[in-house]
Amino acid sequence: MKYRGDLKAKAQKLRVNMTKEERHLWYDFLKGYGVNFYRQKPIGNYIADFYCARARLVIEIDGGRHYEPDEMEYDKRRTDYFNAIGISVLRFSNMDIWHNFNGVCIKIDDFVKNRGV
């Protein structure tokens, strides 16, 4: 997967400094899921929160700032880019992670299985 070279160091820093929500999803579900997910994966000009190459899936965890107009437009451009290169995007809010974690995990699992992985 091609990406801007300067994003590698930024992605490494983000992996060390994951949000509480990202840590929860990673350590309590994705890390032991059985299908490989990458944390803070550079793709093109962007860094995806989580990426599964086999399922061609990006998972994004959106905090409060993602609901501001500028961030919503940026997120739309990211999603459009990922979709244009054949990658689907599942977005969950921080609230989803804390109040519907089982539902989030089921949705991810269903998506991956529907991709035949």
Might you let me know whether the range 41-50 holds any residue that is more than 16 Å from ASP75 (Cβ to Cβ), crowded, with 18+ Cβ neighbours inside 10 Å and of a type in the set (D, E, K, R)?
yes
Matching residues, the range 78-88, being surrounded by fewer than 17 Cβ atoms within 10 Å (Cβ to Cβ) and not in a helix (DSSP H, G or I):
ILE85, GLY86, SER88
The listed residue being under 18 Å from LYS20 (Cα atoms), under 15 Å from the mean Cα position of the chain (by Cα) and surrounded by fewer than 16 Cβ atoms within 10 Å (Cβ to Cβ), out of ARG91, ARG54
ARG91
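Bear in mind that the values in this text are calculations on the coordinates, not laboratory data. In this text the structure is predicted, and so the values were computed from the model without any measurement. Note that each Cβ is placed from the backbone with ideal geometry, even for glycine, and that neighbours are counted across all protein chains shown.
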